[in-house]
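Report on the following structure.
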Amino acid sequence: MSQTSSTMIELGTKAPNFKLFDTVNNQLVALDDFDNAKGLLVIFLSNHCPYVKYIMDELVIATRDIQQKGIGVIAISSNDVKVKQDDSPVNMAERAREYHFPFPYLYDGNQEVAKAFSAACTPDFFLFDEDKKLVYRGQFDDSRPSNDEPINGRDLRDAVESLLNGEIKEQQKPSAGCNIKWKTGNAPKYAG
């Protein structure tokens, strides 16, 4: 299983605008839907990725906790479904229902949102403050399918606490996972 890391874009970067459909209820979800939140967590996920599957139970628990603190949460899948049919919108909706996702699971079929965020892998986490400025881009925790580190979401949880305390978490480790499956000829420069 090959591993790809986050691009670690510059802190303070403004959240790109997006409007995508939630695969569960077919409702449009946009960046400005979170204008009254204390922040926004954007997670790039995929159904097939072993790194995502490995943390899924704890990710659902952590995102519920994060939402209770007033932070908005969304997940986006941008994979080319011709490469990974498991990541089709129908299968995304099934996964969201199976795990009772507390957040919308959005489909980025043309991959423009993934490019705008400089997303590189799944899972890939981007935490923005109430002004939609990036304060964290990094890993969920130190756990990987190949190690025995506890799955607890420590890094992400610490970043949320730092945000709520008006601080920026200094130590930020890149996330690691499966590369985004780009459509032929669509991969951004940072992906190659």
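Condition check for D124 on (1) over 19 Å from T13 (Cβ atoms); (2) in contact with a Ser or Thr (Cβ under 8 Å, 6 or more places away or on another chain); (3) acidic (D, E): one failure, at (1).
Okay, residues lined up against (1) farther than 21 Å from D108 by Cβ; (2) acidic (D, E):
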position: S6; (1), (2): no, no
position: D22; (1), (2): no, yes
position: K38; (1), (2): yes, no
position: C49; (1), (2): no, no
position: K53; (1), (2): no, no
position: D57; (1), (2): yes, yes
position: G70; (1), (2): yes, no
position: D80; (1), (2): no, yes
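For segment 155-168, filtering for residues that are surrounded by fewer than 19 Cβ atoms within 10 Å (Cβ to Cβ), of a type in the set (D, E, K, R) and touching a residue at least 12 places away in the same chain (Cβ under 8 Å) leaves 1. Taking the condition modelled with pLDDT of 95 or more, surrounded by 14 or more Cβ atoms within 10 Å (Cβ to Cβ) and over 22 Å from I180 (Cα atoms), does R64 pass? Judged against the criteria, R64 is a match. Of all residues in segment 78-102, those satisfying the criterion of being under 20 Å from G153 (Cβ atoms) and either within 13 Å of the chain's Cα centre (by Cα) or in contact (Cβ under 8 Å) with a residue 24 or more places away in the chain (or both) are R95, A96, Y99, H100, F101, P102. When you check K69 against the structure, is it modelled with pLDDT of 95 or more, more than 16 Å from V52 (Cα to Cα) and not hydroxyl-bearing (S, T, Y), yes or no? Judged against the criteria, K69 is a match. Scanning segment 146-159 for residues that are more than 11 Å from I55 (Cα to Cα) and not in a helix (DSSP H, G or I) turns up S146, N147, D148, E149. The listed residues are K132, K169, and the only one of them that is within 16 Å of the chain's Cα centre (by Cα), charged (D, E, K, R) and more than 20 Å from R64 (Cβ to Cβ) turns out to be K132. Only residues that are surrounded by 13 or more Cβ atoms within 10 Å (Cβ to Cβ) and over 23 Å from A187 (Cβ atoms) were counted in segment 1-25, giving 5. Among the conditions (1) modelled with pLDDT of 95 or more; (2) outside any strand (DSSP E or B), the only one that V135 does not satisfy is (2). Does at least one position in segment 118-132 carry a residue that is part of a loop (DSSP other than H, G, I, E, B), of a type in the set (G, A, S), in contact (Cβ under 8 Å) with a residue 40 or more places away in the chain and touching a Pro at 6+ places or on another chain (Cβ under 7 Å)? Taking every residue of segment 118-132 in turn, none turns out to be part of a loop (DSSP other than H, G, I, E, B), of a type in the set (G, A, S), in contact (Cβ under 8 Å) with a residue 40 or more places away in the chain and touching a Pro at 6+ places or on another chain (Cβ under 7 Å).
Count of segment 75-85 residues, restricted to those that are surrounded by fewer than 15 Cβ atoms within 10 Å (Cβ to Cβ) and farther than 13 Å from I180 by Cα, is 1.
If you go through segment 19-39 one residue at a time, do you hit one that is of a type in the set (D, E, K, R) and touching a Phe, Trp or Tyr at 6+ places or on another chain (Cβ under 9 Å)? Yes: one or more hits. Every listed requirement among (1) surrounded by fewer than 19 Cβ atoms within 10 Å (Cβ to Cβ); (2) part of a loop (DSSP other than H, G, I, E, B); (3) not aliphatic (A, V, I, L, M) is met by S143 save one, (1).
The values are calculated or read from the model by the stated rules, or taken from the named source; none is laboratory data. What you see is a predicted model, and the numbers here were worked out from it, not measured in a lab. Glycine also receives a Cβ, built like all others from the backbone with ideal geometry; neighbour counts cover every protein chain displayed.
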